[in-house]
Protein chains: 6
Amino acid sequence: MPYVNIKVTGGKEAPTEQQKAEIIEGVTELLQKVLHKNSETTVVIIDEVDMDNWGIGGKTVTARRTMK
Amino acid sequence: MPYVNIKVTGGKEAPTEQQKAEIIEGVTELLQKVLHKNSETTVVIIDEVDMDNWGIGGKTVTARRTMK
Amino acid sequence: MPYVNIKVTGGKEAPTEQQKAEIIEGVTELLQKVLHKNSETTVVIIDEVDMDNWGIGGKTVTARRTMK
Amino acid sequence: MPYVNIKVTGGKEAPTEQQKAEIIEGVTELLQKVLHKNSETTVVIIDEVDMDNWGIGGKTVTARRTMK
Amino acid sequence: MPYVNIKVTGGKEAPTEQQKAEIIEGVTELLQKVLHKNSETTVVIIDEVDMDNWGIGGKTVTARRTMK
Amino acid sequence: MPYVNIKVTGGKEAPTEQQKAEIIEGVTELLQKVLHKNSETTVVIIDEVDMDNWGIGGKTVTARRTMK
């Protein structure tokens, strides 16, 4: 019955459909293995966040990627 | 003053503008009726989540809809 | 399959066990009625937030309640 | 190490790239100043929410903007 | 840089300190393996939710556990 | 009308009542100044997260504080 929300950068860094399926399967298995949670009712939601809308260290990811 | 966040599947399963208005009105009334909360400051945010990004039972909704 | 998160003030304003059950039942029914969502897999999580930790209009709820 | 999520209306009311950068910088500085948190690991995520999907006072923002 | 939030039932069903450490390690590794995300900046937050405050199928988990 | 959620470590690192009031006031002012948002309806919720429940770099904050 757990609920999981995963936020990653989107746009050109967005995960593929295949990668999203692997993450959903992997997290669900992990919670089943470690906490014995029922996989059938485990919910996972992935949010893809625009790089202009994600900040770390006081700067947007867009600005950080440009600086490198 | 309550804050409510509702996540539903989007894309071709997305709620219509009318349905979203009904949900917002209905949740706000429910909290007023049960908890006597001030409707004027009740906030409701609806997120429409892509079916590739929503997993249940270890699989994406996209994969589950295809299996049926 | 919807996921709902409801935040209300806790502490001495916290909803009772009965009120929480009514809210969970009411929101689940509303989503079934308006969006034809499967009630069996609808998840509702209620967070009770301390009045020192909730701000509106730039002030904590604790401060606002005192002012009245 | 704090995590901050800010939701604002999007669409024609969406913040510009410059405004998003200012908010990310401002919140990060505030948490550094008040709580002495390490700015380098402070994460800020801004969500732009469609006006049909945001309700306040039991009505969508779309409906409220029209009424004025 | 991903951000992960995991909600599980708390109280007498709460994960142990050891289980929480395993979940944090496991999710971080999964995102590193599948998406090549930097483990050093991956954030995972676990919320333990009271069984009165978690509803599924229109009933609280407390009520469902009692029915069994 | 913005909604802001801030998560910081709790327990012995928890912000004081005064610090929480300053953060709520500061974030509300920032959104008013940068985005011209109405302060009266800006909502800020602060979550204090147990150090066993917060992971970064694959380890709990509890484990990281001990290593130092």
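The values are calculated or read from the model by the stated rules, or taken from the named source; none is laboratory data. All values derive from a computational prediction rather than experimental measurement. Ideal geometry is used to build each Cβ from the backbone, glycine not excepted, and the neighbour counts take in all protein chains shown.
Remarks
- For region D:9-30, the set of residues classified as in contact (Cβ under 8 Å) with a residue 12 or more places away in the chain and either over 28 Å from B:Asp47 (Cα atoms) or not hydrophobic (A, V, I, L, M, F, W, C) (or both) consists of D:Thr9, D:Gly10, D:Gly11, D:Glu13, D:Pro15, D:Lys20, D:Thr28, listed by residue number.
- Of the residues making up region F:14-44, just one is at pLDDT below 95 and either farther than 25 Å from D:Thr16 by Cβ or among the basic types (Lys, Arg) (or both), namely F:Lys37.
- Positions within region D:45-68 being among the acidic types (Asp, Glu), touching a helix residue (DSSP H, G or I) at 6+ places or on another chain (Cβ under 8 Å) and within 30 Å of F:Gly57 (Cα to Cα), in sequence order: D:Glu48
- In the condition set (1) over 30 Å from A:Lys33 (Cβ atoms); (2) crowded, with 20+ Cβ neighbours inside 10 Å; (3) of a type outside the set (Asp, Glu), B:Val61 is compliant with all but (1).
- Selection within region F:1-12 - touching a helix residue (DSSP H, G or I) at 6+ places or on another chain (Cβ under 9 Å) and closer than 18 Å to D:Thr28 by Cβ: F:Pro2, F:Val4, F:Ile6, F:Val8, F:Thr9
- Selection from region D:16-31 of residues that are facing chain A (nearest Cβ under 9 Å) and crowded, with 21+ Cβ neighbours inside 10 Å: D:Lys20, D:Ile23, D:Ile24, D:Val27, D:Thr28
- Test: A:Gly11 is within 21 Å of E:Asn38 (Cα to Cα) and surrounded by fewer than 16 Cβ atoms within 10 Å (Cβ to Cβ): yes
- Restricting attention to region E:45-58 and to residues that are more than 10 Å from chain C (Cβ to nearest Cβ) and farther than 13 Å from E:Gly11 by Cβ, the residue that is surrounded by the most Cβ atoms within 10 Å (Cβ to Cβ) turns out to be E:Ile46.
- Inside region B:32-44, residues that are in contact with a Gly (Cβ under 9 Å, 6 or more places away or on another chain), buried (at least 17 other Cβ atoms within 10 Å of the Cβ) and either over 21 Å from C:Gly57 (Cα atoms) or within 13 Å of chain A (Cβ to nearest Cβ) (or both) make up a count of 1.
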